[in-house]
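Working notes for the structure below.
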Amino acid sequence: MNSFYTENNVVFCKRLTDIEYLAHGFSTRSGGVSEVEYTKSLNLGYCRGDDDMTVNKNRGIFARAAGFNAGGLAVADQVHGTNIEICDGSKKHYGACDGFVSVTPGVFLSVKTADCQPILFADKTKRIVGACHAGWRGTMNGIAAKTAEKMISLGADKSNIVAALGPCICADCFTVKEDFIAAFEASAPGLLKFIYEKDGVYHADISAMNKYVLQSAGLKDENISVCGECTCCDGEKYYSHRRQKGHRGSMMNVIGIK
Ligand SMILES: [Zn+2]
């Protein structure tokens with residue numbers, strides 16, 4: 001079910017908005033103060049061409065629009081692995097991980113993206129949230145399922161976990177080569193069906209892969225929402241590592257318990 005909408009330059013998933021204890025949002029590139037041509041205007045990542053003060057201002061703008069406290073952001077190094085940390089608010093920086101979960105109010109899990117898929121999770125009734133960064137390696141290695149499993153280890157109920165698969169590169173834009181296919185043959189043959197050939201070029205559908213990973217992990221179909229907007233196709237709305245050839249800002253995707 002697609003239940004995404006955009007308000008104040010932030011993309012929301014209605015299925016998550018409906019859960020009262022939550023704040024969440026997927027950022028776009030609009031509404032910020034970055035002046036650099038390729039980071040214009042809501043760049044939320046450091047070291048991408050804006051000074052830190054500009055990024056901090058942008059984070060404040062995004063936090064106000066999405067309804068969370070920027071001071072509670074938890075950040076990760078995002079190393080394309082599958083390590084999932086538990087965030088309890090005792091620190092802001094969680095090192096080498098690509099996913100995290102929390103039961104602590106005021107902690108806002110953040111995942112930075114510019115083509116990779118951000119996935120935000122919440123238990124509908126118990127106050128347990130999760131977030132992960134699913135590039136193709138994380139997707140291949142099942143990071144989406146591993147994040148849900150970590151939530152279950154904290155008491156979440158599988159049948160109540162809502163997953164929102166955010167904006168990412170679409171299959172038309174995500175062309176891949178033989179080595180990519182070989183990696184999936186070795187590690188995740190079940191996902192090969194989401195790689196197809198068109199006019200002699202291979203394409204991979206990251207959103208469809210992550211949806212399948214979550215279905216296979218036992219999440220209910222009705223609890224999985226896919227945004228479907230492409231970061232690479234829509235240059236007005238999103239940054240894209242591929243389209244901008246690395247010279248780009250970063251979106252941030254956040255979820256937490258208010
Ligand atoms: Zn596209």
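FYI, it's all coordinate maths here, none of it is from the lab. It should be emphasised that the depicted structure is a prediction, and the values quoted were computed from it without experimental measurement. Cβ atoms come from the backbone with ideal geometry, glycine included; neighbour counts cover every protein chain shown.
Among the candidates 74, 171, the residue that is hydrophobic (A, V, I, L, M, F, W, C), in contact (Cβ under 8 Å) with a residue 24 or more places away in the chain and farther than 23 Å from residue 205 by Cα is uniquely 74. The condition (being touching a residue at least 12 places away in the same chain (Cβ under 8 Å), surrounded by fewer than 20 Cβ atoms within 10 Å (Cβ to Cβ), within 16 Å of the ligand (Cβ to nearest atom) and under 30 Å from residue 57 (Cα atoms)) is satisfied by just one residue among 241, 203: 241.
Residues in the range 162-179 that are outside any loop (DSSP other than H, G, I, E, B) and either more than 19 Å from the chain's Cα centre (by Cα) or within 16 Å of the ligand (Cβ to nearest atom) (or both): 165, 168, 175, 176, 178, 179.
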